[in-house]
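Here is the structure we will look at, set down as structure tokens.
Just so it is clear, none of the values below were taken in a lab; they were calculated from the coordinates. This is a predicted model, so every value here is computed, not measured. Methodologically, a virtual Cβ is constructed for each residue, glycine included, from the backbone with ideal geometry; neighbour enumeration extends over all protein chains shown.
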Amino acid sequence: MSERNDDFITYELQEFKLFEPLFRWARKKSLWIVAFCTGCGGIEMPPLATARYDFERFGIMPNPAPRMGDLFLITGYVTPKTLKRIIITYEMMQDPKYVMIHGSCPINGGVYWDSYNVVKQFDKYLPVDVAIAGCMPRPEAVMDGIMEIMRKIESGKADGWKRYRDNYEWYKKNQDELFGEGWREKEGKRWLAWI
Amino acid sequence: MDMNEKPKVEEKAEEVAEAPRLPNTKEGRLVKAILEKAPYAEGSIRRERRVEFKVPADRIHEFLEVASEKFEILIQITTVDWLKEGEFELVYQLWSVSESVHAFVRTRIPRENAEMPTVMDIWPVAETYEREAHEFFGIIFKGNPRLGPFILEPREYEKHPFRKDFNMIGYVKMIYGEDFDRYDESKTNYVI
Amino acid sequence: MIGIDWKIVLEVIGMLIYATFMGFIFMGIERKAMARIQRRVGPPLYQPILDTLKLLGKKESVSHGLIYDFGPVFALGATITALLFIPIANFQLFSSNADLIVVAYLLEVPMLGIMLGAMSSGNPYSAVGVQRGLLTMVAMQLPYGLALIAIVQHWGSFKLSEIVALQSVHGWSITVPALLLAFIVFDIVFQAMLGLEPFDIITAPAEISMGPMLEYGGKHAALLFTQHAVQLFAETAFFAVLFLGGASNLIELLIKQIAVLFIAIFVASIYPRFTIDQAAKFFWKWPTIIGIIAVLLTV
Amino acid sequence: MINDLMILIFAPLVAGILAWAFDVRGIREAIGFIGAAIPVVILAKTYQTVLSNSINYTITVGGFKLIFQLTALNWYFAAVAAIVGIAMALGMISTSRSGYEWLFALMSYTGVLGVFLSQDFIGFFLLWELMTFASFMMVLRNNRHESLKYFVLSVIGAYAMMLGIAILYAKTGALDFATIRQALYMDLSIGAISKGESALLFVLFLTAFGVKAGAFPLHVWAPGAYSEANQSYTSFFSGALSKAGVYGILLLYILMGAKLYAEFGTFHGHLTFAYVIAWIGAITVVVASFLAVLQEDIRKLFAYSSVGQVGYILLAFGVGTSLGFAGGLFHVLSHAVFKGLFWLVTAAIILQTGKTKFKDMGGLAEKMPFTFAMGLIAVLSLSGIPPMAGFASKWLIYEAAIQAHMPLVAGAIFLGSGLAFAYVVRFLYAVWFGQRPSDLDNVKEAPLPLLIGMAILAIPNILFGVAPGLVTEYINKAFGSEIVGGDYFKLVTPTGTYNALLVTIVLVLGLAIAGLVFLYGATTRKIPVTNTYQSGNPVIEDYNLSIRRNFYKPLAEALDFWLKYSWDRFYERIAGIAEDFADTLRQSFYNGNVQSYSWYLAIVLLILALWGVL
């Protein structure tokens, strides 16, 4: 399965010369969140959509399909098992995609710093654009994070996806180091009995 | 193993008399009824709506069959690792819907290659609890078809991580290497 | 065969741009109104345009095969065709060449395009979405047919322009009691055709994550969004032409379309979602009975 | 000119016998193909003459005068049978295994042509029986039980027709259609045939033709017979043979129309007897379509769909207005064409994969691209998508039904077309898309003759879809009056218009605009079927990613109240009862010892004596 990923990396991107500023504005004003609540912070996202904070004002909408989504919220601690799903979903998202991590666990392991089952540094496996501190940050902090990522998109600095493409080998080495070589095949086979 | 289960502090005062005088409450009558049918067990009442039984390991299956008439639901199989006494303590938590009483049925089994008969024939739900207990403590439940790696990654499964003798800091250092950087060899002063 | 007279060509191009733009604005109104009902601020009206531009602007595009690309293109093409055969306000476009049955069928065809593409993506969720979409369509076909038959029998003609002319003379269709029943039936079916709340079984966001549209991203999704916008405009126009007496100018048509849209939005923001066999049973019970009564009254 | 008709009718039979005689792979295919091609040539040659006057030919066989006539109307039916016949021949070149199949296929081809051309009941009945016998032999070769069911129902139909002919002969003293028609017309005033007798005649002829057309209560044989016969022959079986039943209903109108109208009058403005036919057609459409949606076998699905589509034609004739007849006739052509195409596509699939159930097929679109394209054309045509012939004929039927103030019947068509859309997409999904099972990886494209056969049937689908005027103009000539106006590309009826060419052009423009928007975006990159979103879980080859079994389970649950009753089981139970009765009869009476026989004789003689006859 691994060689299939390489063409996913070597595939050339579409550069829109004429309408780039328009598309950048559109990307800023309409972010779709991939509805994949990874950790304990998943419950922190719905308050943002309710009447008090309402991120729909900024055109943000939770969207269950990764192919259409472009903002990936990593909310809460990341276990190796979830990280495999996150990596697969991240690679399915279409290219200008951004990752926002909530809470201190994905940053440096946080409260579970000594646990065998929590990934200590999320940044080694997937590129991160905005990190929000706090053991589950309050909705105000998350809204500020959203503002931050919109500013980065506007200024073009939100290039997590470009970093992933450029040094894909490094990310892949870290992933294989944690899960072992060809972990997609093994994982698929393991759950075959239950499907 | 329950995260939110407050650690069991062994009760200091043993039951004083051989035949404890059970108060004539709902729980008392319930315990008396079960103790007649299972003389090998000792029952006591912790508080209102909570009852406790101690059962020797070899008679556990028989006792649970007796208890299952009154206690319809098996809530959880909790396992406590007494490293110093070299024993696992298995707590079958039962709930009686008819009398709304919560029962703790405790047994003690030796730590090395711990063996237990499965209770799936009484409560099919026990399969999941037994698989969990097996994965985290390595207790073999004879008769449970699906023992083996359940939630954890296969690598952690071999370690049976919840046993007290599992050196977690060393294992994590081996797995995550340099980005596991905030610890001090001696456990005395953690650096957060 | 037909002489290319430039008046129609300009009208068509102008109407397409106007319809797409207004379709997006309708989607914006839909999202804004639902937000305001939930006491939220809600996105700006032009939000769907932004979403489509963002999707179109994606730097990468993935496809599961030729038919996977052909599906959305066919859906958008069919919706544009359906739009051009409806008499919109004072522009007749091509409506003199086709009648009620042709337009009713052309409005069904985009469903085939989406199903074609969704099936070829080989994803179980989209397969369940296709199954539900087809069952909803089968369920709503009978009431939809009965409502159309009631109108045709009352006005005695299939040509949409003739129906509009008759309505301007004898008053709107909904003033006739029998056609009021047909109006109710058509409104329920209209709700299902747009995939709004009680019948959004097709793209059930929580259950089967976006249903058929699950594997669509980037420009395919942009095509589907444009198709949804044009379909929204075409169906509200069709609704207005049949029941609210068409319109002499665009503004009047716009008001009627927004009125129809708001009925759908208010119903959508209240009702929870049907399961698919409840929907089938529901469609074959109440709308069909009302439809049969309407049809028998107008014979 | 005269013996043209004889060549036309009996050429296939002769070719069939020759093909059966020279049972060599190469030769019998060639003979069979020539036998199927001759009618097409003759029909093309006689097209001009038929428009003006009719060609007649009478021969006397054993005291009976057989009259054969080729008028504009039965030229149309013969042409439909010829197109499907030539496609069947091409299909059978690659799928037939022995001369036996060629013999009986071409024999049924002769039977159908004879039925369409004969102008008297003797020739009609004989060739009708020939056709039924030949198709029965085709089904007998593969499955005894299904052929037995088909045989029993056809025999019931034949006896009904025999009785009807006998009553007519007794009443009018004539057997050829012209005199019968004249006699019945004059009979309006004399009243020789009472109301009860004409009702009996109507019921008899209705069952006779209903069996062949697969009308509702008698449709039970169709799924079994259509799916068990050799698949490319089934394209002729369901494309042309079912049209014989429908031609019979048309014959009923021509011969007894006036009489039945006089006897039964009208009901809410429709002819009573026509209203009955319309409702039978409507029920057939709904029941057959619902059953077709829930099928698991590709052949059963198309069999029920054929029954449903013939229900459309019955319904169109039942409407009774001239527009109804025009719609029905157009649907005869479009059904023969797209259903024949479907059956050839099924033949190709079964030939190449050897599988017939949906659950072990899938993802064949890349492996058999041409067959897939033909299948897509047939899908668009059957589900009635505007640029195709299927839509033009359905549009005419809708117009006729609603214009004739038959709302509930028109409602049934709407439901039927929705269901047609559903089961056709089910076929597309289960066979062409989704994940390909591992054992279908080395499937190749269908053999050449089959592909040519499919192409022959696909062209009229598109041609008559874009230019429906060709067909309606011919139908106007056949009926003599201007039913459907408009030029080649535009159909104009008193209440509605449909410009097929303009719809096609605008659809192409729409596709072009959508294509432009598509091309503007990023270039697409092909990914394997396992790269799909399963909520993040890794997907590997041996996951089953497509729903191939009971795709419409919710519909089956919604309909479980109606699905409990099935005419098939009802007939099987009757057959069981009849069998038990026969067994008891055999045990008790014919028990083999002579004493009981002598007793029976004595009793019978006694009764006769008492009756004073002896």
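Taking one quarter of the surface of the convex hull spanned by the alpha-carbon atoms of segment D:526-608 gives a direction-averaged projected area of 13.8 nm².
In terms of overall dimensions, the C-alpha atoms belonging to segment C:1-152 reach 45, 35, 35 Å along their principal axes, ordered largest to smallest. Each Lys or Arg adds one and each Asp or Glu subtracts one; over the other residues with Cβ under 12 Å from the Cβ of residue C:130, this totals +1. In the Gaussian network model of chain C, springs joining C-alpha atoms below 10 Å, which of C:44, C:110, C:212 carries the largest mean-square fluctuation? The residue that fluctuates most here is C:44. Please give the net charge around residue B:125, taking every other residue with its beta carbon less than 14 angstrom from that of residue B:125, where Lys and Arg add +1 and Asp and Glu add -1. That works out to -3. The spacing between segment D:240-292 and segment C:193-256, judged by their C-alpha centroids, is 40 Å. Our coupling estimate for segment D:341-352, obtained by passing each phi through the Karplus curve with A = 6.51, B = -1.76, C = 1.60 and θ = phi - 60°, is 4, 4, 5, 5, 4, 4, 4, 4, 4, 5, 4, 7 Hz, Gly and Pro reported as x. Rg over Rh for segment D:1-116 works out to 1.01, using Cα positions for both radii and the Kirkwood form for Rh. A simple spin-label model places pseudo-atoms 7 Å from Cα toward Cβ; at residue A:148 and residue D:589 they are separated by 10.0 nm. In terms of its C-alpha gyration tensor, segment D:62-198 has a prolate overall shape, because the principal axis ratio a/c (a ≥ b ≥ c, square roots of the eigenvalues) is not below 1.5 and a/b outweighs b/c. Extension gain for residue B:62-residue B:174 works out to 35.9 nm (0.36 nm per residue, less the C-alpha to C-alpha distance).
Taken over chain D, the ratio of Cα radius of gyration to 2.2 N^0.38 Å equals 1.04. Counting every other Cβ atom within 10 Å of each residue's Cβ, D:52, C:173 order from fewest to most as D:52, C:173. Here the dipole of segment A:30-192 is about 340 debye; that uses its Cα centre as origin and unit charges on the Cβ of Lys and Arg (positive) and Asp and Glu (negative). Within the shell of other residues whose beta carbon sits under 9 angstrom from the beta carbon of residue B:90, the net charge comes to +1, with Lys and Arg scored +1 and Asp and Glu -1. Sorting the segments D:88-96, A:55-63, C:263-271 by their residues' average number of neighbouring beta-carbon atoms within 10 angstrom, most packed first, yields D:88-96, A:55-63, C:263-271. To the nearest 0.05, how large is the calculated FRET efficiency for residue C:299 and residue D:51 if R₀ is 56 Å and r is the Cβ-Cβ distance? According to the calculation, E is roughly 0.90.
Indicate the gyration tensor shape class of segment D:566-611 (rounded, prolate or oblate), computed on the Cα atoms with a ≥ b ≥ c the square roots of the eigenvalues: a/c under 1.5 is rounded; otherwise a/b larger than b/c is prolate and the rest oblate. Judged from the Cα gyration tensor, segment D:566-611 comes out oblate (a/c at least 1.5, b/c at or above a/b).
Computed from point charges on the beta carbon alone (+1 for Lys and Arg, -1 for Asp and Glu), the dipole magnitude for the protein assembly as shown about its Cα centre is near 1540 Debye.
In this simple spin-label approximation, residue D:24 and residue B:142 carry label points 7 Å from Cα along the Cα→Cβ vector, and these lie 7.9 nm apart.
Treating r as the C-beta distance of residue A:81 and residue B:108 and R0 as 35 Å, the FRET efficiency rounds to 0.60. Residue ranges A:48-54, D:326-332, A:92-98 sort as D:326-332, A:92-98, A:48-54 when ordered by packing (mean number of other C-beta atoms within 10 Å per residue, highest first). For segment C:192-246, the fraction of C-alpha pairs more than 17 angstrom apart is 49%. Among C:250, C:203, C:234, pick out the residue whose Cα is farthest towards the positive end of the charge dipole of chain C, where Lys and Arg carry +1 and Asp and Glu carry -1 on C-beta, about the Cα centre. Highest projection toward the positive end goes to C:203.
Distant-in-sequence amide contacts of residue D:66, defined by a placed amide H-H separation under 5 Å and a gap of 5 or more residues or a different chain, comprise D:59, D:60, D:61.
Scaled to the globular estimate 2.2 N^0.38 Å, the Cα spread of chain A, given as radius of gyration, is 1.04. Cβ crowding within 10 Å, taken as a proxy for footprinting-reagent exposure, orders D:195, D:339 from fewest neighbours to most as D:195, D:339. Think of chain D as a dipole: +1 on every Lys or Arg Cβ, -1 on every Asp or Glu Cβ, centred on the Cα centre; then among D:88, D:589, D:385, D:385 lies furthest on the positive end. With R₀ fixed at 25 Å, the C-beta to C-beta distance from residue C:262 to residue A:43 puts the FRET efficiency at about 0.15. For the protein assembly as shown, the share of DSSP beta bridges that are antiparallel, to the nearest 5, is 65%.
Taking the helices alone, chain C has a mean residue ellipticity at 222 nm of -24500 deg cm²/dmol, built from -39,500 (n - 2.57) per DSSP H run of at least 4 residues and averaged over all its residues. Legend: distances between Cα atoms for A:84/D:367; C:285/D:212; B:84/B:159; D:149/D:553; A:162/C:219; D:367/D:526; pairs beyond 26 Å are A:84/D:367; C:285/D:212; D:149/D:553. Measuring nothing but alpha carbons in segment A:63-170 and taking Rh as the Kirkwood radius, the Rg to Rh ratio lands at 0.95. When the label point is put 7 Å from the Cα of residue C:175 along its Cα-to-beta-carbon vector, which residues of segment C:138-161 have a backbone N closer than 15 Å? Only C:155 fall inside the zone, counting backbone N under 15 Å. Scalar couplings 3J(HN,Hα) for segment C:95-108, obtained by applying the Karplus form with A = 6.51, B = -1.76, C = 1.60 to θ = phi - 60°, are 5, 6, 9, 8, 10, 4, 5, 4, 5, 4, 6, 5, 6, 7 Hz; x denotes Gly and Pro. Each Lys and Arg contributes +1 and each Asp and Glu -1, all at the Cβ; summed about the Cα centre of chain D, the dipole is approximately 500 debye. Between segment C:44-76 and segment A:140-175, the alpha-carbon centres lie 24 Å apart.
For peptide D:558-567, the mean count of partner chain Cβ atoms within 10 Å of a residue's Cβ comes to 2. Once a ≥ b ≥ c are taken as the square roots of the eigenvalues of the Cα gyration tensor of segment C:65-206, is the result rounded (a/c under 1.5), prolate (a/b larger than b/c) or oblate (a/b not larger than b/c)? It is oblate, given that a/c is not under 1.5 and a/b is not larger than b/c. Taking the charge dipole of segment D:484-562 about its Cα centre, with +1 at Lys and Arg Cβ atoms and -1 at Asp and Glu Cβ atoms, the residue from D:495, D:543, D:558 reaching farthest to the positive side is D:543. When shorter helices are ignored and each DSSP H run of at least 4 residues is given -39500 (n - 2.57), the per-residue value for chain D at 222 nm works out to -24000 deg cm²/dmol. Normalising by residue count, the protein assembly as shown has a Cα convex hull of 266 Å³ per residue. Cβ-to-Cβ counts within 10 Å put A:184, B:47 in ascending order as B:47, A:184, the fewest first. Proximity of backbone amide H atoms, modeled 1.01 Å from N, is registered between residue C:210 and C:204 at under 5 Å, excluding neighbours fewer than 5 places apart on the same chain.
Summed over qualifying helices (DSSP H, 4 residues or more, each -39500 (n - 2.57)) and divided by its residue number, chain A shows a 222 nm mean residue ellipticity of -12500 deg cm²/dmol.
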